[in-house]
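Asker: Structure provided below as structure tokens; questions to follow.
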Amino acid sequence: MEMEAERNLQQEKRKQEKEYLHRMLIENEKNKARQREDDLKQKDEDARAQDEYARMLQKQEDDRNAEMKKRETRAQEFMNKMAGNVLEKMEQK
């Protein structure tokens, strides 16, 4: 009778350990899935941030190019005006 009780106790203990391990495995799988999802979200956010940064850099480059073109145009207009003034003065003489 005492051996039967001991055997039942051991079986119950093994059963509880097995259930505990099973719960731990399930929880670990849930954690892994959650981590994979978080990793994907982070990659997506990183990609969006990189795209936004690239757009910002492109806008800066475009703005810089537009400003240089304006300066070149103003400089050309100034040179044309000065050349016109020189020609006008030469014609007056």
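The values are calculated or read from the model by the stated rules, or taken from the named source; none is laboratory data. Bear in mind that the values here come from a model prediction, so they are computed numbers and not experimental data. Positions of Cβ are backbone-derived with ideal geometry, glycine not excepted, and every protein chain shown enters the neighbour counts.
Asker: Going through MET90, MET79 one at a time, which residue ends up being among the hydrophobic types (A, V, I, L, M, F, W, C) and surrounded by 10 or more Cβ atoms within 10 Å (Cβ to Cβ)? Give the derivation first.
Answerer: Working: MET90 fails: surrounded by 10 or more Cβ atoms within 10 Å (Cβ to Cβ).
One residue alone meets the criteria, MET79.
Asker: A follow-up question, please. Collect the residues in segment 1-49 that are exposed (fewer than 10 other Cβ atoms within 10 Å of the Cβ) and among the aliphatic types (A, V, I, L, M), keeping them in residue-number order. Reasoning before the result, please.
Answerer: So the first thing to find is which residues in segment 1-49 are exposed (fewer than 10 other Cβ atoms within 10 Å of the Cβ), and the list is 1-5.
Of everything in segment 1-49, those that are exposed (fewer than 10 other Cβ atoms within 10 Å of the Cβ) and among the aliphatic types (A, V, I, L, M) turn out to be MET1, MET3, ALA5.
Asker: Quick check, is ALA47 at pLDDT below 95 and not basic (Lys, Arg)?
Answerer: Numbers: at pLDDT below 95: no; not basic (Lys, Arg): yes.
No: the conditions fail for ALA47.
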